[in-house]
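The next block holds one structure in the form of structure tokens; read it before the comments.
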Amino acid sequence: MIQSMTGFGKHVVQLPSKKITIELKSLNSKNLDINARIPQSYREKELELRKMIADELIRGKVDFGLYLEITGEETTAEVNQGVVKKYMQQLANIAKGDDVKLLEMALRMPDTMKTEKGDIDPLEYEAIKGAMKQALSEIIIFRNEEGQVLEKDFNARLKNLNALLDEVKTMDPERLDTVRERLEKAVADLKVELDANRFEQELIYYLEKYDITEEKVRLANHLDYFETTLESKDSNGKKLGFIAQEIGREINTIGSKANYAPMQQLVVQMKDELEKIKEQMLNVL
């Protein structure tokens, strides 16, 4: 079963004095690219949290946010009184004003607040990891649901490609007869005497260059292989991409050998279906 790289997961954990929210959003990408937004107080745990994400999401552009909201009286921020007083003195020397106005201006200046970094509470961090696991579970469910939509679309495209290939197979004898007739007429129009046996040999050689038997067989095999890979247990977008490339190669070869307008029209339709598959393939994990 395939999995999309598009997904969203969120979980909130309420602690006695703070609320912590974990948010995960992912989009398609060739590799794993994690953009993390974490409060400074949790920076020491960033690598471990990144590893939790990498182990589960494997690939994609992932935006990870850990948001902290203080809901109790707990705070590690304090007013840096010495700095504030110094600012107020300097501002008083520049312009007149009451202490309240000077204080408002001083508090807008840099370094007026100081934060003491404390150790992360082990129980708090366990709660954060639990929230991360829940958010990862949600985003994987989202990815699986998106994958089912993609798989349904791929199967519809494969059905169309197989139907078009059947038309190509049905049309092929008529195409070869038409090409043969066209060549014979062209030679007849030259109004020259030709050795019949030599002409037949040359004609067979020429028609063999337009033979697409191998391409039809390989294309059918690639379509079957694509469908089998879709049904496999693990999602493998890169593998499906390689198979799609091989499908495209066979379609292009049939188009270049066709030399027959009705068949080339079928080839154009096949290319259109394959292009739609490739567009959706960018989202597959």
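The values are calculated or read from the model by the stated rules, or taken from the named source; none is laboratory data. Quick caveat: nothing in here was measured; it's all calculated off a predicted structure. Here the Cβ is made from the backbone with ideal geometry for all residues, glycine too, and neighbour counts use every protein chain on show.
Data table
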| read-out | value |
| --- | --- |
| Evaluation of Leu32 against (1) under 16 Å from Ala135 (Cα atoms); (2) aliphatic (A, V, I, L, M); (3) in contact with a Lys or Arg (Cβ under 7 Å, 6 or more places away or on another chain) (one fails), failing number | (1) |
| Subset of the stretch 246-285 (residues that are assigned to a helix (DSSP H, G or I) and of a type in the set (Val, Ile, Thr)) | Ile247, Ile251, Thr253, Ile254, Val267, Val268, Ile277 |
| The stretch 152-166, residues that are without any contact (Cβ under 8 Å) to a residue 40 or more places away in the chain and surrounded by 15 or more Cβ atoms within 10 Å (Cβ to Cβ) | none |
| Residue identified as within 24 Å of Arg143 (Cβ to Cβ) and not assigned by TED's automatic domain parsing to the domain that holds Ser26 among Asn236, Asn259, Asn221 | Asn236 |
| Whichever residue in the stretch 223-268 is surrounded by 18 or more Cβ atoms within 10 Å (Cβ to Cβ) and among the aromatic types (Phe, Trp, Tyr) and, among such residues, is nearest to the chain's Cα centre (by Cα) | Phe226 |
| Yes/no for Lys169 being assigned by TED's automatic domain parsing to the domain that holds Ser256 and without any contact (Cβ under 8 Å) to a residue 12 or more places away in the chain | no |
| Residue match in the stretch 265-280 (condition: touching a helix residue (DSSP H, G or I) at 6+ places or on another chain (Cβ under 9 Å), more than 30 Å from Gln3 (Cα to Cα), touching a residue at least 12 places away in the same chain (Cβ under 8 Å) and in the same structural domain as Arg175 (by TED's automatic domain parsing)) | yes |
| Test: residue in the stretch 189-212 that is polar (S, T, N, Q), in a helix (DSSP H, G or I) and either closer than 26 Å to Lys159 by Cα or modelled with pLDDT of 85 or more (or both) | no |
